[in-house]
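*Asks:* Below is one structure. I have some questions about it.
The values are calculated or read from the model by the stated rules, or taken from the named source; none is laboratory data. It should be emphasised that the depicted structure is a prediction, and the values quoted were computed from it without experimental measurement. All Cβ positions, glycine included, derive from the backbone under ideal geometry; neighbour counts span all protein chains shown.
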Amino acid sequence: MSNYLKKLSLAGVAVSGFLLIAAASGAETPPQVIPVWNGPAPGTGDASQKEGSLDLADTRFTPPNPDTLVWNVTQPSLAVFRPAAGKANGTAVIVAPGGGFRVLSYKNEGLRVAQWLADHGVTAFVLKYRLHRMPDDPAEVRKGLDQMLAAAARPPSKAPDGSAAPAPPMPRMEFGALELSAIADGEQAIKLVRSRAKEFGIDPKRIGIIGFSAGGAVAGGASVRAEPADRPNFVGIIYGGVPGTIPAQAPPAFLAAAADDPLSNGMPDLFARWRASGASAEMHIYAKGQHGFGTAKQGLPVDHWLDVFYAWLEQQGFAPHG
């Protein structure tokens, strides 16, 4: 584990379902960060936004899951996680954290995923993509996040006879200019990594992208909206969705979610649409895990989804068998 991902020490301040934490003291070696665009990002963006971050622990999970929220991103970037010397296997994965296009679950769905991949020989790149404007004050950001999580945690409604009502359909994803700009950041990130494949010691035909929730929409959107030559070679969509038709020549897709996450309801349809396009797809729906499980350790089978993802990469020929 790199110093950048050292264990965090608790500060002990409870905030509506979260526990704020301060980073452990000691020197850190941050990863190399490269801009996604050469100059200002085209399209929608508010350069006056002030990027912020906050360390916290998500107490929806047991034990609480350390995370770092990032918001008000205006300058898309990639944080590079390289395997140890002599361990790189030539595969690259761009990692797009989620957060409703308002924040990024940067540690849970970004840094720790990238470190796991690097530990397994994959060169990983954590993508910061453009987000909707949020308040500069962390307390206001927390308030909005608490409201969003409270809505997501509401128990399922009951039918008149007292039985559980049918699960609601996955919310329709309607993308505005900002969301399309975030997808464009994902597309550009793929182009950038492929153009610098020799520099990073990777195979330009083994470059994928994996995203979580809103990041899954970025990963999936970049996989279906780009021209075939600019698409990733494979894609992972974790508790996310991709609206519309899946085109011919879509890359192989790995899908995963938890059944106790309302947003998992649309995953079977996404799987069916991906297969109907003629592309390969594999889907895993775990019985428990909640939305946003990422790299949380809950003592459940879902804890091992990254191992399953890597086994899929091996089976697809995108990573060497260990």
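*Asks:* Could you tell me how many of the residues in region 92-109 are within 10 Å of the chain's Cα centre (by Cα) and of a type outside the set (D, E, K, R)?
*Replies:* Matching residues across region 92-109 total 10.
*Asks:* What number of residues in region 58-85 are at pLDDT 95 or above and either in a strand (DSSP E or B) or of a type in the set (D, E, K, R) (or both)?
*Replies:* Adding up the residues that qualify gives 13.
*Asks:* Given the options Lys288, Lys297, name the one that is under 25 Å from Gly99 (Cβ atoms), modelled with pLDDT of 95 or more and touching a Leu at 6+ places or on another chain (Cβ under 6 Å).
*Replies:* Values: Lys297 fails: touching a Leu at 6+ places or on another chain (Cβ under 6 Å).
After applying the criteria, what remains is Lys288.
*Asks:* For Phe271, indicate whether it is free of Cβ contacts under 8 Å to residues at least 24 places away in the same chain and either of a type in the set (Val, Ile, Thr) or under 19 Å from Leu313 (Cβ atoms) (or both). Give the steps one after another, and end with the answer.
*Replies:* Numbers: free of Cβ contacts under 8 Å to residues at least 24 places away in the same chain: yes; either of a type in the set (Val, Ile, Thr) or under 19 Å from Leu313 (Cβ atoms) (or both): yes.
So Phe271 passes the test.
*Asks:* Restricting attention to region 31-55, which residues are farther than 13 Å from Gly110 by Cβ and free of Cβ contacts under 8 Å to residues at least 60 places away in the same chain?
*Replies:* Within region 31-55, the first condition is being farther than 13 Å from Gly110 by Cβ, and the residues that meet it are 32, 34-52, 54-55.
Result: Gln32, Pro35, Asn38, Gly39, Pro40, Ala47, Ser48, Glu51, Asp55.
*Asks:* Something else now. Which pairs have Cβ atoms under 6 Å, sit 6 or more apart or on different chains, and link a residue in region 130-144 that is in contact (Cβ under 8 Å) with a residue 40 or more places away in the chain to one that is assigned to a loop (DSSP other than H, G, I, E, B) and acidic (Asp, Glu)?
*Replies:* If the second residue must be assigned to a loop (DSSP other than H, G, I, E, B) and acidic (Asp, Glu), the pairs left are Arg133/Asp46.
*Asks:* Still on this structure, please answer the following. Within the bounds of region 110-129, is there any residue that is in a strand (DSSP E or B), under 11 Å from the mean Cα position of the chain (by Cα) and more than 16 Å from Ile209 (Cβ to Cβ)? Steps first, please.
*Replies:* Filtering region 110-129 down to residues in a strand (DSSP E or B) leaves 123-128.
Cutting the leftovers down to under 11 Å from the mean Cα position of the chain (by Cα) gives us 126-128.
With more than 16 Å from Ile209 (Cβ to Cβ) added as a condition, the list becomes none.
Checking region 110-129: not a single residue is in a strand (DSSP E or B), under 11 Å from the mean Cα position of the chain (by Cα) and more than 16 Å from Ile209 (Cβ to Cβ).
*Asks:* Could you check Pro40 against (1) part of a loop (DSSP other than H, G, I, E, B); (2) surrounded by 15 or more Cβ atoms within 10 Å (Cβ to Cβ) and say which number it fails?
*Replies:* With (1) part of a loop (DSSP other than H, G, I, E, B); (2) surrounded by 15 or more Cβ atoms within 10 Å (Cβ to Cβ) applied to Pro40, the lone miss is (2).
*Asks:* Applying the selection to region 55-88, what residues are closer than 21 Å to Arg206 by Cα, surrounded by fewer than 20 Cβ atoms within 10 Å (Cβ to Cβ) and of a type outside the set (Lys, Arg)? Don't jump to the end; show me each part of the working.
*Replies:* We begin by selecting, within region 55-88, every residue closer than 21 Å to Arg206 by Cα; these are 77-88.
Cutting the leftovers down to surrounded by fewer than 20 Cβ atoms within 10 Å (Cβ to Cβ) gives us 77, 80, 82-88.
Those that are closer than 21 Å to Arg206 by Cα, surrounded by fewer than 20 Cβ atoms within 10 Å (Cβ to Cβ) and of a type outside the set (Lys, Arg): Ser77, Val80, Pro83, Ala84, Ala85, Gly86, Ala88.
*Asks:* Select from region 248-292 the residues that are polar (S, T, N, Q) and in a loop (DSSP other than H, G, I, E, B) and write down the one among them that is nearest to Tyr310 (Cα to Cα).
*Replies:* Ser280
*Asks:* Which ranges mark the helices (runs of 4 or more DSSP H) fully within region 174-239 that have 3 or more residues being more than 21 Å from Phe318 (Cα to Cα)? Spell out the reasoning first.
*Replies:* On the way: elements: 177-195, 197-200, 214-225.
It comes to 177-195, 214-225.
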